[in-house]
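A.B. asks: One structure, pasted below without further comment.
The values are calculated or read from the model by the stated rules, or taken from the named source; none is laboratory data. Values in this document were obtained by computation on a predicted structure and should not be read as measured data. Don't worry about glycine lacking a Cβ; one is built from the backbone with ideal geometry, like all the others, and counts go over all protein chains shown. Quick note on the areas: whole protein, heavy atoms, side chains included, nothing else; ligands and nucleic acids left out. Shrake-Rupley method; radii C 1.70, N 1.55, O 1.52, S 1.80 Å.
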Amino acid sequence: MIDALEQFAPLPLQESYDNAGLQVGLTEAEISGALLCLDVTEAVVDEAVQKGCNLIVAHHPLIFRKLAHVSDGSYVERAVIKAIKNDVVIVAMHTNMDNALDGVNFKMAEKMGLADLQPLQGPVVDGKWCGVVGTLPAPMPAEAFIRMLKERFGVASVRANELLRREVCHVALCGGAGSFMLADALRAGADAFVTGEMGYHEFFGHEQHIQICVIGHYESEQYTTEIFRDIISRECPEVKTCIAETQTNPIVYL
């Protein structure tokens, strides 16, 4: 089953800083069920055990940086210990899934109803789709477009720059921390750019050039679990899959 996930989003597609792939456990274990999530926490491991799943497929790696030791000093170390004690395998599909054809950015585009998708950085190199640009079913006023984002992604608020005084038709997007692709969105002639994170100073200077819409890192990537589910259901239909119910977004809106 892990092979099926990696055929869809090969590990060589991950960025050099990443740590996608096997995180914890033995790949030869017989799979009793797969819990699908964005982040791995102790509570997620508990949920996997409670639901009889001995495999967790996550988007974000639990082990992102080298662990100097494994004790009870951090939530990462505690989650590793709990997974090992309960014979739970943890696999992460991170920037390889971000960059894959039909991966994270395509799922975001699907939720917005975008068509005619093209790579945001021009011709695809080494199979990497680092962001996409597409067309809405019909042009929308900027305020209506932002309302649509709030509804489709279930967000409490959207951080945006000055409302565009022309309609939004062509939309560029990059899930997660995708602000580095704003320049590509401008070069592509997009009316709007949707991403998960952007710094304060990056909003300056783009008034009436492009509608910036920042919906939150978790919110932009939350539907990645649907990609995992569809791959497993198609390639390994005998494996039980559960989308995690544990809320792992550390950011709250008050």
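A.B. asks: Can you tell me the relative contact order of the chain? Whole percent, Cα pairs under 8 Å, sequence separation 6 or more. Could the numbers behind the result be given before it?
C.D. replies: Details: 530 pairs, mean separation 54.3, N = 254.
With pairs under 8 Å counted, the relative contact order is 21 percent.
A.B. asks: How far apart, in nm, are the 7 Å Cα→Cβ label points at S16 and M148?
C.D. replies: Here the answer is 3.8 nm between the modelled labels.
A.B. asks: Same structure, new question: Provide the per residue accessible area, probe 1.4 Å, for the range 48-95, rounded to a whole number of square angstrom.
C.D. replies: Values: 2330 Å² over 48 residues.
Spelled out: the 1.4 Å probe surface of the range 48-95, per residue, equals 49 Å².
A.B. asks: What lysines could a cross-link reach from K85, if we take a straight Cα to Cα line under 28 Å and drop same-chain neighbours fewer than 8 places away?
C.D. replies: K51, K66, K240
A.B. asks: Could you tally the net charge around V44, taking each other residue with its Cβ under 14 Å from the Cβ of V44, Lys/Arg +1 and Asp/Glu -1? The partial results should precede the final answer.
C.D. replies: Values: positive: K51, R78, K82; negative: D39, E42, D46, E47, E245.
Around V44, the surrounding residues sum to -2.
A.B. asks: What three numbers, in Å, describe the spread of the alpha carbons of the range 55-164 along their principal axes, ordered from the longest?
C.D. replies: That gives 53, 36, 24 Å along the principal axes, largest extent first.
A.B. asks: Within the range 82-182, report the trypsin sites (Lys or Arg not before Pro) that DSSP leaves as loop and that have at most 15 other Cβ atoms within 10 Å. Mind showing how you got there, number by number?
C.D. replies: Values: sites: K82, K85, K107, K111, K128, R147, K150, R152, R159, R165, R166; in loops: R165, R166.
Those that pass, being in a loop and sparsely packed, are R165, R166.
A.B. asks: Can you tell me the FRET efficiency between L186 and L101 if r is taken as the Cβ-Cβ distance and R0 is 30 Å, rounded to the nearest 0.05?
C.D. replies: Values: r = 24 Å, r/R0 = 0.80.
Using R0 = 30 Å, I get an efficiency of 0.80.
A.B. asks: Then there's this: Of the accessible area of the chain, with the probe set at 1.4 angstrom, what percent is carbon plus sulfur? Write down the numbers at each step before the final one.
C.D. replies: Values: 6360 of 12130 Å².
Solvent-exposed carbon and sulfur of the chain make up 52 percent of the total.
A.B. asks: About the Cα centre of the chain, how large is the charge dipole given +1 on each Lys and Arg Cβ and -1 on each Asp and Glu Cβ? Please answer in debye to the nearest 20. Write out the running numbers ahead of the final one.
C.D. replies: Details: 19 positive and 34 negative charges, 78 e Å.
For the chain, the charge dipole is close to 380 debye.
A.B. asks: If you stretched the chain out fully between A156 and R65, how much longer would it get, using 0.36 nm times the residue separation minus the C-alpha to C-alpha distance? Could you put the intermediate results ahead of the total?
C.D. replies: On the way: separation 91, 0.36 × 91 = 32.76 nm, distance 3.12 nm.
Taking A156 through R65 to full extension adds about 29.6 nm, to one decimal.
A.B. asks: Which far-off residues, 5 or more places away or on another chain, put their amide H under 5 Å from the one on V89, with H placed in the peptide plane?
C.D. replies: L55, I56
A.B. asks: Among 114-126, 221-233, how do they line up by average Cβ neighbours within 10 Å per residue, starting with the highest?
C.D. replies: My ranking of the peptides, most packed first, is 221-233, 114-126.
A.B. asks: Would you calculate the separation in nanometres between label points at E110 and L26, each defined as 7 Å from the Cα along the Cα-to-beta-carbon direction?
C.D. replies: The modelled label-to-label distance comes out at 3.5 nm.
A.B. asks: Assuming 0.36 nm per residue, please report the length gained on full extension of the stretch K51 to V124 beyond their Cα-Cα distance.
C.D. replies: Values: separation 73, 0.36 × 73 = 26.28 nm, distance 3.99 nm.
Roughly 22.3 nm would be gained on extension.
A.B. asks: Put +1 on the Cβ of every Lys and Arg and -1 on every Asp and Glu Cβ in the chain; which of I210, V132, Q222 then has its Cα farthest towards the positive end of the dipole?
C.D. replies: Of the candidates, I210 comes out farthest on the positive side.
A.B. asks: Along each of the three principal axes of the Cα atoms of the chain, give the extent in whole Å, ordering the values from largest to smallest.
C.D. replies: Computed over the chain, the largest-to-smallest principal extents equal 57, 38, 31 Å.
A.B. asks: While we're looking at this one, here's another question. Report, ordered by chain and residue number, the lysines lying within cross-link reach of K107, taken as a straight Cα distance under 19 Å and ignoring same-chain residues fewer than 8 apart.
C.D. replies: K128, K150
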